[in-house]
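Worksheet: one structure, shown below.
Where a number appears in this text, it was derived from the coordinates with a stated rule and is not lab data. Not measured: the values here are computed from a predicted model. Cβ placement follows ideal geometry from the backbone for every residue including glycine, while neighbour counts extend to all protein chains displayed.
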Amino acid sequence: MSIQVSELQTLIKPIQGSNQTNKQEAGIQFEDVFNQAMSFLDETNNFQKQADKATLDYAAGKTDNIHEVMIAQDKALTTLQLTVEIRDQLLEAYREIMRIQV
């Protein structure tokens, strides 16, 4: 469930290649980035679910460790903020590509 920095760099780093890269190779690269993004979204969702469960457990009296609850909530918040930032960067890149005149 941990997020590796190298995984995040591949999501936000633009795909670079030479002009000789064919469309099939570019398609494979996009597929890899897309799959990593989807797994990152799943991981973000899992952190949100863990935070909700920890909060409910604390409210129900099943646990008295507020530290674990706060850590779970902070992890969920941090991954959500990162996900939103990545989304914003991808949308900005898409808008920039759409502004390119052919």
Specify whether the C-alpha gyration tensor of segment 21-99 places it in the rounded, prolate or oblate class, a ≥ b ≥ c being the square roots of the eigenvalues: rounded for a/c under 1.5, otherwise prolate if a/b is larger than b/c and oblate if not.
prolate
Of all lysine pairs in segment 21-99 that are eight or more residues apart or on different chains, those with Cα atoms under 17 Å apart total 4
Quick note, segment 60-102: a/c under 1.5 would make it rounded; otherwise a/b > b/c is prolate and the rest oblate (a ≥ b ≥ c, C-alpha gyration tensor); here it is prolate
Sorting Thr79, His67, Leu90 by the position of each Cα along the dipole of segment 21-99 (Lys, Arg +1; Asp, Glu -1; all at Cβ), the one nearest the positive end of that ordering is Leu90
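For segment 21-99, with only Lys/Arg (+1) and Asp/Glu (-1) charged at the beta-carbon, what is the dipole magnitude about the Cα centre, in debye rounded to 20?
Values: 8 positive and 14 negative charges, 37 e Å.
My answer is approximately 180 debye.
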Below 8 Å between Cα atoms, with a sequence gap of 6+, how large is the relative contact order for segment 21-99 in percent?
29 percent
